[in-house]
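Participant: If you scroll down you'll find the structure; I have some questions about it.
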Amino acid sequence: MTTDLLQTANQLRAGMGEDYHDKLMEAIYTDASQIADRSVAREEGKVRWTFDRTLDRALTHPVWGFTVMGLMFFGVFWITITGANIPSQMLADFLLGSVYNALHSVAAALSAPAWLSGLLIDGIYLATAWVISVMLPPMAIFFPLFTLLEDLGYLPRVVFNLDRLFAKAGAHGKQSLSMMMGFGCNAAGVVATRIIDSPRERLIAIITNNFSICNGRWPTLILMGTIFVATLVPPALASFVAALSVVTVAAMGIVVTLLVSAFLSKTWLKGETSVYSLELPPYRPPQIWRTIYTSMIDRTMIVLWRAVVMAAPAGAVIWLTSNIFIGDMSIAGHMVNLLNPFGLLLGLNGIILVAYIVAIPANEIIIPTILMLTLTLGSNIAGAQSGVMLELGDQQVYQVLTQVGGWTMLTAINLMLFSLLHNPCSTTIMTIYKETKNLKWTVVATLLPLALAFLVTFSTASIARLLGWA
């Protein structure tokens, strides 16, 4: 009952007249009519056509709702990936070219020791520059687009569509929003779980957010899809198949999110799924300046700053492990030899595992680290410098990985799977701890995806060997 109806009922009850029940029923029908008038537009006794209602019939339809949702987010991802290419390249040319060379010129003019300029410029600066050039343009596109959909009133329709799936998995419908935010950055996705009131369901959303592919992992997936998977089809279909392979991996991430959510809700995080009232707000024109401020200041810059803070020490570690020798081999070389048997068992190799270990603060520098280690360990190709990440064209990368690194199609596919499932980056781990204030669940959120990555890649490699594909 509404407040007005309760007041009417109390007044009638106080009078205790003979027609108390009749008047109460009349008040109920009057109140229902008022609610209907506010909720349904009518014209001469018929429901009047409205744009909002017609649009909702499509956007919340059991079939078309998911179709539109898939196309909408595919469009957002495509615009983000495609639109970020040019600014990313321009930023890379400036930071990794002009500024990098200028810093070395300054170091030479100051007669700085080689180890110092190597550590500060080739290590710390280069890793930081890589992260900025790879992360900033996609986030500057993705977050405003995501905020725009939020301002338009579309995201509540997404929650409406996905609520049933997440409810069956023992999770909350609002987890779909934090999952979508994770496609830009997992740290931002973890923060976005604050919209979930239930501590149990929020924890499920935090643990599974890592299965949304963040900006740092897109370059690896796109590269593997372009230079390996696309070679399986004629050149005319290469770009389509490459894009399809990346979208397939992203879709697998959503499926894994639902499966792991169901597993957690039936084991470690048992409980009843929250029932909540979802209001579909009216569609409204976007607030452009608010969108820009919210996405750039509250999301992009904060997440980028966290990544930069973590990338700087990662660059130092990469340079030091590649330039400090124990016996006749660098620390990185010893690590590769130690992990190579395990890496091959997973359909990967030791260099890939070492790259993921030393580059845990920032997934953006995985491929440059792999290329540097491949070129400097063993073969020691002319022009390659230990600890110095480099940028190559797609064809050059393919030649280095296949001819020098010995990669096969299995290596590329398992790298895509490992990139999807492996542990969160250190920025996300730090954010998980800040949000949960619990070391136990931070460890679970870190190690559960890693264990799943090992299991899936080992299974894939084992099947490939049994079928004679590896």
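Read-outs: derived from the displayed coordinates by stated rules, not from any lab. Quick caveat, the model's predicted, so the values are computed rather than measured. Neighbour counts run over all protein chains shown; Cβ positions are idealised from the backbone, glycine included.
Participant: Between F66, L417, M25, whose Cα lies farthest towards the positive end of the dipole of the chain when Lys and Arg beta carbons carry +1 and Asp and Glu beta carbons carry -1, centred on the Cα centre?
Facilitator: My answer, from the dipole projection, is L417.
Participant: Which value in nm describes the separation of the simple spin-label points at L71 and Q89, placed 7 Å from the Cα toward the beta carbon?
Facilitator: The two pseudo-label positions are separated by 3.0 nm.
Participant: Listing F160, F74, F211 from the residue with the fewest other Cβ atoms within 10 Å to the one with the most, what is the order?
Facilitator: Lowest count first: F74, F160, F211.
Participant: A further question follows. Taking the number of other C-beta atoms within 10 Å as the exposure measure, put M25, M180, M301, M135 in order starting with the fewest. Mind showing how you got there, number by number?
Facilitator: On the way: M25 10, M180 23, M301 15, M135 28.
If I rank by nearby Cβ atoms, fewest first, I get M25, M301, M180, M135.
Participant: When the distances between all Cα atoms of segment 155-263 are binned every 10 Å from zero, what whole-number percent does each bin get?
Facilitator: Pairs per bin, as whole percents: 16, 41, 25, 15, 3, 0.
Participant: Would you check the chain for Lys pairs whose C-alpha atoms are within less than 29 Å, ignoring same-chain pairs closer than 8 in sequence, and give me the count?
Facilitator: Taking the chain as the scope, the lysine pair count is 17.
Participant: Going by how many other beta carbons lie within 10 Å of each one, how would you line up R200, R290, fewest first?
Facilitator: Details: R200 20, R290 11.
Ranking R200, R290 by Cβ neighbours within 10 Å, fewest first, gives R290, R200.
Participant: Using the Cα centre of the chain as the reference point, and only Cβ charges (+1 on K/R, -1 on D/E), how large is the resulting charge dipole? Debye, rounded to the nearest 20. Could the numbers behind the result be given before it?
Facilitator: Working: 26 positive and 26 negative charges, 134 e Å.
The calculation lands at about 640 debye.
Participant: Computed from the coordinates I sent, semi-axes √(5λ) of the Cα gyration tensor in Å equals one of [x] 51, 23, 22; [y] 41, 28, 20; [z] 39, 24, 24. Tell me the label.
Facilitator: Computed from the coordinates, semi-axes √(5λ) of the Cα gyration tensor in Å corresponds to [x].
Participant: Right, next: Where does the chain land at 222 nm, in deg cm²/dmol rounded to the nearest 500, when only DSSP H runs of n ≥ 4 count, each adding -39500 (n - 2.57), divided by all residues? Display every interim value, and only then the final one.
Facilitator: Values: 22 runs with 314 residues, N = 470.
So the helix-based figure for the chain works out to -21500 deg cm²/dmol.
Participant: So what J values fall out for segment 194-202 if you push phi through Karplus, 6.51 cos²θ - 1.76 cosθ + 1.60 with θ = phi - 60°, rounded to Hz, Gly and Pro as x?
Facilitator: For segment 194-202, the Karplus curve yields 4, 6, 8, 6, 6, x, 5, 6, 5 Hz.
Participant: What distance in nm lies between label points placed 7 Å from Cα along the C-beta direction at Q396 and R194?
Facilitator: In this crude label model, Q396 to R194 measures out at 4.4 nm.
Participant: Go through V247, T147, T291 and say which Cα lies farthest out towards the positive end of the charge dipole of the chain; charges sit on Cβ, +1 for Lys and Arg, -1 for Asp and Glu.
Facilitator: In the chain, that residue is V247.
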